[in-house]
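First the structure, in the form of structure tokens, and then the observations on it.
The values are calculated or read from the model by the stated rules, or taken from the named source; none is laboratory data. Please read these numbers as outputs of a predicted model, since none were measured by experiment. A quick note on method: Cβ atoms are made from the backbone with ideal geometry, for glycine too, and the neighbour counts reach across all protein chains shown. Surface areas here come from the heavy atoms of the whole protein model, side chains and all, with no ligands, DNA or RNA. Shrake-Rupley method; radii C 1.70, N 1.55, O 1.52, S 1.80 Å.
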Amino acid sequence: MAAMPSGKRRAAAPSSGDLPLDALREILLRLSAKELCRLRAVSPTWRSLTYDKAFIAAHMARHREPLLAFARRGDHHTHSVDLVDLSGELVRRMPRSEDGIGVLGTRLEIVCVASKYRHMALWVLNPATGAALALPWCHSEYMGKGPDERFSLGYGYVEQYAFGRVSTTGEYKALRVTRGFLGDPNDKICEVITIDADGRNHGVWREMQRPPSLICTGDAISRGSKISDEMKRVVVDGVVHFMIDFKTIYFNSMGISVEPGSIASFNLETEEWMPTLRGPAPVRSFLQDNIGKFSYLELDLQLSLSDLHGSLVTVHNIHYSSIVLWFLSDFEKGLWVKKYSLPSQVAGLLVYPLLVLDDERVLLMHGTDGMVCLGMKTGVYTYDLKTGAYTHELDLEMGSFDCGKSIGIYTGSLLSP
């Protein structure tokens with residue numbers, strides 16, 4: 001082979017120092033997003049590579065362990081929303097000046113935060129950029145007209161927030177349920193606001209059709225509600241699902257007018273309530289099948305909703321016996337499939353499944369409503385479906401984390417611009 005003429009050497013592949021770019025890319029893909037955010041300052045090459053969309057997608061595919069979002073109550077007004085991994089390592093801290101904040105139980109690329117003391121306050125946080133968007137603090141008919149004086153009469157007090165993403169447009173929407181006049185639990189007002197896909201701008205609150213039945217709202221995450229109330233609402237694929245308050249309806253009407261486990265669903269894309277969804281058959285007939293063993297109050301405490309594998313799941317936690325997970329397979333036909341049953345060692349009070357991990361472990365939250373349940377620590381646990389191991393992964397310390405509230409699951413990448 002003839003020698004290449006002098007001065008016409010083949011161009012070398014782009015590199016950083018003595019390291020070829022492909023090798024550098026492979027090495028950086030092994031590091032955590034937290035480390036890569038710091039390493040962007042090393043050189044323009046490293047910065048350009050770690051901002052590349054293909055690199056970010058490849059990094060997310062390799063690092064699939066969830067990041068959990070908590071509201072942290074610090075000392076001397078050092079409050080924050082923290083992202084941590086399952087080892088408890090702090091990955092990102094977003095300082096907040098407000099006390100008494102709570103993270104909504106979302107599963108998105110952004111985090112939504114409400115306030116305990118200012119019931120109209122709602123913020124959207126972007127962990128990748130640190131940006132915070134405050135949504136309007138008024139009702140739909142008061143947009144741009146000043147404060148709503150009816151609050152002093154108890155009108156329009158926010159009971160529940162929900163936050164989700166519309167897959168067809170990429171937009172986010174918040175749903176707000178407020179009460180009407182005092183003394184009428186059925187008088188609920190629903191309002192919706194749209195946030196653009198990058199979480200930087202918002203529209204106005206718009207009043208929607210009222211719920212088709214009395215839904216479980218408690219006093220909302222931002223008002224110090226019980227976690228047992230908060231876990232009766234979940235957003236799955238752009239649809240907000242509320243468990244219908246069969247217990248209150250039963251006691252108020254002195255009869256069974258709504259089946260236990262029934263669900264009211266609001267479609268964030270069409271902004272309409274969907275037909276009422278019947279719960280799993282064994283849940284509907286549970287009290288009849290166990291006459292004298294359980295009450296309506298006990299069944300109400302046993303039931304919650306979750307999003308597992310992208311499906312709506314009715315969670316039936318028969319305390320200290322088992323946790324049965326019913327996956328919705330067909331909304332129109334109301335068909336449910338029993339996929340998992342967790343044993344008695346897992347089925348404690350206020351235990352709620354959050355995720356099914358890739359390695360077939362179920363991630364569960366053991367919350368608190370101001371009580372201690374059989375000495376179990378409040379926090380995050382995993383149950384291994386293959387080995388049966390039940391492991392305490394992460395503490396939620398009283399006074400440190402806002403542990404009476406939801407845990408958000410961050411699904412985005414901290415590398416995203």
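For the stretch 190-217, enumerate the residues that are assigned to a loop (DSSP other than H, G, I, E, B), modelled with pLDDT of 90 or more and in contact with a helix residue (DSSP H, G or I) (Cβ under 6 Å, 6 or more places away or on another chain). Across the stretch 190-217, the qualifying residue is only Trp205. Counting only residues that are of a type outside the set (Gly, Ala, Ser) and surrounded by fewer than 16 Cβ atoms within 10 Å (Cβ to Cβ), the stretch 315-325 holds 1 of them. For the stretch 32-50, the criterion of being among the aliphatic types (A, V, I, L, M), open to solvent by less than 60 Å² (accessible area, probe 1.4 Å) and in a loop (DSSP other than H, G, I, E, B) is satisfied by no residue at all.
On the given criteria, is Tyr172 among the hydroxyl-bearing types (Ser, Thr, Tyr), farther than 22 Å from Ser416 by Cα and either open to solvent by 10 Å² or more (accessible area, probe 1.4 Å) or modelled with pLDDT of 75 or more (or both)? It is false that Tyr172 is among the hydroxyl-bearing types (Ser, Thr, Tyr), farther than 22 Å from Ser416 by Cα and either open to solvent by 10 Å² or more (accessible area, probe 1.4 Å) or modelled with pLDDT of 75 or more (or both). For the stretch 84-102, a residue qualifies if it is touching a Leu at 6+ places or on another chain (Cβ under 7 Å) and part of a strand (DSSP E or B), and the qualifying residues are Val84, Val91, Arg92, Met94. Being crowded, with 19+ Cβ neighbours inside 10 Å, assigned to a loop (DSSP other than H, G, I, E, B), within 21 Å of the chain's Cα centre (by Cα) and at negative phi holds for only one residue in Leu328, Leu312, Leu305, Leu349, and it is Leu349.
All of (1) at pLDDT 85 or above; (2) surrounded by fewer than 17 Cβ atoms within 10 Å (Cβ to Cβ); (3) over 23 Å from the mean Cα position of the chain (by Cα) hold for Ala13 with one exception: (1).
Checked against the criterion of being modelled with pLDDT under 95, touching a helix residue (DSSP H, G or I) at 6+ places or on another chain (Cβ under 9 Å) and either closer than 20 Å to Gly367 by Cα or surrounded by 17 or more Cβ atoms within 10 Å (Cβ to Cβ) (or both), the stretch 141-154 has no qualifying residue. With respect to (1) open to solvent by 60 Å² or more (accessible area, probe 1.4 Å); (2) modelled with pLDDT of 85 or more; (3) farther than 22 Å from Leu357 by Cβ; (4) touching an Asp or Glu at 6+ places or on another chain (Cβ under 8 Å), the lone exception for Ser115 is condition (1).
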